[in-house]
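Structure, as structure tokens:
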Amino acid sequence: MSGPAAGQSGRTAPELAGQVALITGAAHGQGRAAALALAREGVHIAALDVARPLAYPGYPMGSSADLDSLATECRALGVDCLTFAADVRDDPAVTAAVQSTADRFGRIDILFNNAGICGYSLAHELTDDAWNTMLDINLTGPWGPCRGPANPGRKANSTWPSLVLGRNLHLALPGPEDF
């Protein structure tokens, strides 16, 4: 797990070197930026992303190619990078990713729950399916990687990883003029 990153100068947080981060929603956008920023600090990355289009919302998600290029960029920075194409709503897949990460690195030090979607509509115009999809991804999804005392990502000293929730639910609520 050592490499060029261990000897690079210019790090802003050298105490992070050698730690392990599991990042959901890691293939593009904010998740990818966080993965690369941590990799520059010498943090090994486990990148999880749905890596395919979803029926809702209608905007592009990350892709398998995005995950592959992220792994290449992280490795060029001297850290290891595991990738997992998984939906945060798929508990067995998320559990398998956590287990694989723990098996490879022995722990997870940082959990960045970044996966999330945004509904670009007025709240009163959302369908039940759209609402439930947002709740499942944005609220229930972050629970999978960090729940339960049997979580293999938990560090050996019985502490939990540093937890970051990276997304917010954005809705335009109707104003008085809409009633």
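Every number here is computed from the coordinates shown, using simple stated rules; none is lab data. The model shown is predicted, which means the values in this text are computed figures rather than measured ones. Cβ placement follows ideal geometry from the backbone for every residue including glycine, while neighbour counts extend to all protein chains displayed.
Of note:
- Here the stretch 16-135 is assigned +1 on the Cβ of each Lys and Arg and -1 on the Cβ of each Asp and Glu. Its dipole about the Cα centre then comes out at about 340 debye.
- The stretch 11-49: trypsin sites (Lys or Arg not before Pro) in DSSP coil with no more than 16 other Cβ atoms inside 10 Å: R11
- Taken about its Cα centre, the stretch 11-80 carries a charge dipole of about 80 debye when Lys and Arg each add +1 at the Cβ and Asp and Glu each add -1 at the Cβ.
- Summary of packing: across the peptides 56-64, 86-94, the per-residue average of other C-beta atoms within 10 Å ranks them, highest first, as 86-94, 56-64.
- Over 15 Å [Cα-Cα, the stretch 1-104], rounded percent: 59 percent
- Taking H124, H44, H28 and counting other C-beta atoms within 10 Å, the order from fewest to most: H124, H28, H44
- Kirkwood-type hydrodynamic radius, the stretch 14-167: 15.6 Å, calculated from all non-identical alpha-carbon pairs.
- FRET efficiency for the pair Q30 and T127, taken as 1/(1 + (r/R0)^6) with r the Cβ-Cβ distance and R0 = 30 Å, rounds to 0.70.
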